[in-house]
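Reading through the structure tokens given below for one structure.
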Amino acid sequence: MKKILKAQFIIVAIITLLFININVVDAASSAKVSVSGSNKMDTGTTATNKIIIGSISGSTVNAVSGTVTVADSTCVSITSISGMNGTSASGSDFILASFSGISANTDMLSLSLKAGSSPCKTTIKVSEIAIGFMNGDTLEPSDVTYEITVGTPAPKSNDATLQALSTTKGSLSPAFASGTTTYSLKVPAGTTSVPFTATPNDSKAKVSGTTCGISSDSTTCTITVTAEDGTTKKYTVNVTREASSDPEPVDPGPVDPEPEKTYETRLKSLNVSGFEITPGFDKDTTTYNLKVVNSVTSIDVSALPIDSTANVEISGNKNFKVGVNVVTITVKSEDGKSIRTYKINVTRLSDENPSKKAEDPKSSDNFLKTLTSTNGDFNPSFDKNKSNYTIKVGHEVTSLDLEAIANNSKAKVSIEGNENFQVGENTVTITVTAEDGSERTYTITVIRSDKDSDTKLKDIEIGGGYTLSPKFDPDTFTYTVDVDDDIDKLDLKAFAQNEKSKVEIIGNENLQNGNNVILIKVTDENGFVQYYRVNVNKNAQKKFLGLNLKQWLVLGGMLFLLGIIFLLLFLLKRKKEEKEEVKEEKTPIIEFNPEFNFGSKNGTDDDYVESGAVLNQYSGVPVQEKEEPKLIAEAEVKDAEEEAPFDYYDEKVTKEELLAAIEEAKRTKDSSKLKMLYKQEMLNREKEALRKKDSHR
């Protein structure tokens with residue numbers, strides 16, 4: 001898979017260059033790959049870290065690839081790797097491809113981590129990094145390492161004492177002291193309930209019983225403090241109601257205990273003196289915007305809670321800088337447990353000219369596009385305009401496998417509180433910061449049960465010869481599968497470990513070209529939910545003559561190999577022929593055609609060679625049955641050469657020249673002069689034929 005991802009990286013870079021007109025500048029572009037998230041974990045806990053591409057300069061990034069590993073998997077293991085913002089992940093390898101280019105910090109991968117059972121240290125390593133840029137530059141930076149320390153969880157506190165205890169209905173006697181657990185209180189006649197304000201000494205302790213119904217003149221109220229480790233301590237207040245001066249009222253009968261109060265943290269009104277916020281105020285809308293001229297450096301904010309006992313705190317409304325400033329209005333319930341935050345993004349302009357108010361080129365989009373978790377369903381369902389959500393998880397979940405994607409690619413998303421969940425309510429805060437600096441906060445209340453969920457799958461099966469990557473594991477919740485472009489639905493089956501758990505498959509219809517997401521939802525008997533995610537990559541490939549690109553590449557490769565084989569055979573054959581030619585040169589045989597005739601320099605016409613005769617250079621005697629022509633002895637040839645010398649290098653070829661050349665070849669073992677005469681005679685005949693042809697025109 002690593003080679004495939006590298007090949008994809010190169011293909012993306014090449015295709016991008018085909019569609020843009022650029023001048024490549026060496027070392028003009030730069031970018032960095034980094035790891036973000038928790039660098040400290042407790043043994044046995046889980047966490048989510050991210051791989052980010054950022055610090056981009058010179059040119060936008062169009063491709064990133066690499067490999068993610070953990071040095072010591074017994075210390076910290078990666079249970080799943082999820083691609084984000086177009087990133088494909090397979091096993092430990094990943095590639096991000098963007099034909100539009102990436103210019104801002106972008107999350108590429110979400111790593112689900114699980115700590116081992118013993119304290120230790122290890123590193124997340126991103127290696128074999130390759131970065132491609134839109135201008136054609138490429139970069140192979142050094143490996144990136146990120147150290148994670150696993151420690152032993154701090155022991156849970158057993159502090160179940162109160163730091164303060166009071167009521168608006170009177171004064172406790174004796175005065176409150178943390179070690180004193182019994183008090184008395186006198187309340188006016190007609191009092192039907194007494195609210196107590198109880199502050200635990202340890203912020204992780206829980207307090208109950210702070211509202212006490214008064215149904216008689218003597219009532220005992222009990223405030224219970226539960227420490228982090230479950231230790232409890234009770235504070236008792238004996239309430240005496242003063243007698244009424246009115247006639248004795250008729251006994252109305254039994255009085256039902258007053259239900260526990262639900263605290264309200266919404267605002268009744270929100271105003272800025274001299275300005276109007278947008279959108280108009282709504283108690284359920286928590287983010288607003290406001291623009292002010294350069295001379296305004298602070299604003300007066302008025303915020304009234306629906307519940308008069310709630311506490312309202314306003315911060316950030318002074319000393320504005322040029323640009324975006326965030327004013328925060330925090331509403332805390334009377335018991336301090338419930339908190340709601342409102343924000344006003346105040347943009348202070350850099351120029352007094354009102355015409356420039358609308359000339360801010362930076363985006364103010366601070367919404368989320370999607371918000372999902374494999375650990376369950378949000379209540380209500382996600383809507384970018386809704387800020388508050390609730391999710392219930394089993395006891396084994398100590399952090400959410402959370403994916404939050406900004407609506408605008410230039411916005412930044414940060415997550416706080418997504419670790420070390422306690423039993424009960426936990427708050428996860430997601431802050432989206434727009435390009436112009438304005439912020440929007442989404443709040444998730446995570447209710448962690450004291451019971452474990454039973455939502456694991458036993459197996460996932462896919463037909464058609466396709467396989468999941470990585471190999472199925474009940475604790476791995478994200479997978480990838482590549483399918484052909486003619487597949488519209490997967491033959492997919494999922495089996496729960498508990499037969500009583502309900503399994504639903506969502507999104508396995510009408511698969512589109514590109515990336516598709518199939519969700520497998522497992523719901524156990526207690527209502528806990530776990531999602532398994534299958535990323536289906538459907539390759540849309542154009543076909544030519546019935547074949548797609550991959551098939552053409554295979555066919556081209558086969559033809560190329562065949563061409564190489566034929567070329568080798570041709571070269572071997574040619575080499576063999578050359579060897580045979582060299583061998584023949586050692587024993588040349590000259591054959592005279594019947595029409596072969598040589599002129600004579602002595603003017604006679606008796607120069608005759610028998611038709612079909614063969615002269616062998618070693619015998620010097622024509623092989624024939626006829627007696628004529630007479631053989632010329634070697635001595636006679638020498639005499640002829642002495643009596644009538646001839647020139648080998650003129651255009652005319654004679655018998656004397658031929659015989660002399662034969663004898664020379666016998667002596668010297670060199671037939672080159674004899675071959676020259678043969679070629680000259682062939683040329684003479686060709687010239688004669690052309691001459692005759694011209695004479696008949």
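The values are calculated or read from the model by the stated rules, or taken from the named source; none is laboratory data. Please read these numbers as outputs of a predicted model, since none were measured by experiment. Methodologically, a virtual Cβ is constructed for each residue, glycine included, from the backbone with ideal geometry; neighbour enumeration extends over all protein chains shown. With ligands, DNA and RNA removed, areas are computed over all heavy atoms of the protein, side chains included. Shrake-Rupley method; radii C 1.70, N 1.55, O 1.52, S 1.80 Å.
Annotation note: Cβ proximity below 6 Å between a residue of region 681-693 that is open to solvent by less than 70 Å² (accessible area, probe 1.4 Å) and a residue that is of a type in the set (Val, Ile, Thr) (sequence gap 6+ or interchain) occurs for Glu681/Val653. Checking every residue in region 147-162 against the condition of being in contact (Cβ under 8 Å) with a residue 40 or more places away in the chain, open to solvent by 50 Å² or more (accessible area, probe 1.4 Å) and in a strand (DSSP E or B) gives at least one match.
Does Lys156 count as among the basic types (Lys, Arg), more than 30 Å from Ile56 (Cα to Cα) and touching a Pro at 6+ places or on another chain (Cβ under 9 Å)? The answer is no for Lys156. For the criterion of being over 24 Å from the mean Cα position of the chain (by Cα) and in a loop (DSSP other than H, G, I, E, B), Glu461 fails. Could you pull out the residue among Val432, Val428, Val517, Val481 that is in a strand (DSSP E or B), closer than 30 Å to Lys362 by Cα and under 22 Å from the mean Cα position of the chain (by Cα)? Only one candidate qualifies: Val432.
Just one of (1) within 27 Å of Thr476 (Cβ to Cβ); (2) open to solvent by 60 Å² or more (accessible area, probe 1.4 Å); (3) in a strand (DSSP E or B) trips up Met108, so point out which. It fails just one condition, (2). Evaluation of Arg448 against the conditions (1) open to solvent by 60 Å² or more (accessible area, probe 1.4 Å); (2) in contact with a His (Cβ under 9 Å, 6 or more places away or on another chain) shows that the sole unmet condition is (1).
Mind listing just one residue for me: the one in region 190-232 that is open to solvent by 60 Å² or more (accessible area, probe 1.4 Å) and among the charged types (D, E, K, R) and, of those, nearest to the chain's Cα centre (by Cα)? Going through the qualifying residues, I end up with Lys204. When Gly190 is tested against (1) touching a helix residue (DSSP H, G or I) at 6+ places or on another chain (Cβ under 8 Å); (2) outside any strand (DSSP E or B), just one condition goes unmet, and that condition is (1).
Between Val529, Val517, Val503, which is open to solvent by 40 Å² or more (accessible area, probe 1.4 Å), in contact (Cβ under 8 Å) with a residue 40 or more places away in the chain and not acidic (Asp, Glu)? Don't jump to the end; show me each part of the working.
Details: Val529 fails: open to solvent by 40 Å² or more (accessible area, probe 1.4 Å); Val517 fails: in contact (Cβ under 8 Å) with a residue 40 or more places away in the chain.
Answer to the selection: Val503.
Among the residues of region 44-69, count how many are more than 16 Å from Glu140 (Cα to Cα) and open to solvent by 30 Å² or more (accessible area, probe 1.4 Å). Can you show your working first?
If we filter region 44-69 for residues that are more than 16 Å from Glu140 (Cα to Cα), which is where we start, we get 44-51, 69.
Retained after the next criterion (residues that are open to solvent by 30 Å² or more (accessible area, probe 1.4 Å)): 44, 46, 48, 69.
Of the residues in that region, 4 qualify.
Report yes if some residue within region 123-144 is assigned to a strand (DSSP E or B), among the charged types (D, E, K, R) and open to solvent by 30 Å² or more (accessible area, probe 1.4 Å); otherwise report no. Yes, region 123-144 contains at least one residue that is assigned to a strand (DSSP E or B), among the charged types (D, E, K, R) and open to solvent by 30 Å² or more (accessible area, probe 1.4 Å). Being among the small types (Gly, Ala, Ser), under 29 Å from Pro279 (Cα atoms), outside any strand (DSSP E or B) and free of Cβ contacts under 8 Å to residues at least 60 places away in the same chain is a condition met by at least one residue of region 395-414.
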